[in-house]
1. Here are some conditions: (1) closer than 27 Å to residue 12 by Cβ; (2) at pLDDT 90 or above. Residue 76 meets all but one. Which one does it not meet?
2. Can you name the residue in region 14-27 that is surrounded by fewer than 18 Cβ atoms within 10 Å (Cβ to Cβ) and in contact (Cβ under 8 Å) with a residue 24 or more places away in the chain and is also nearest to residue 70 (Cα to Cα) among such residues?
3. Go through region 52-92 and give me each residue that's out of contact with any helix residue (DSSP H, G or I) (no Cβ under 8 Å at 6 or more places or on another chain), over 13 Å from residue 3 (Cα atoms) and touching a residue at least 40 places away in the same chain (Cβ under 8 Å).
């Protein structure tokens, strides 16, 4: 299982989701006896880049990928809405 928590500089929401959700969840699961056979990987903060996640998904896909990040959003009339709505905004996203 891989957990990816994006954190942007000076962004309270991603900081809280990484430190208050993703990291504690990984720690709890890793120490839980029924999860003893599972391997857990944490990709956190600046490490949660697009290249890192793409490599993970194409080279060594995990059984489960849990992400905490912002997602792409487009207006309904935007031609990018259907193919790209909800895409993960990774740590290396340059901004709007």
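The values are calculated or read from the model by the stated rules, or taken from the named source; none is laboratory data. Here the structure is a predicted model, which means the values were calculated and not measured. Cβ coordinates were reconstructed from backbone atoms using ideal geometry, including for glycine residues, and neighbour counts include every protein chain displayed.
1. (1)
2. 21
3. Correct list: 89 only.
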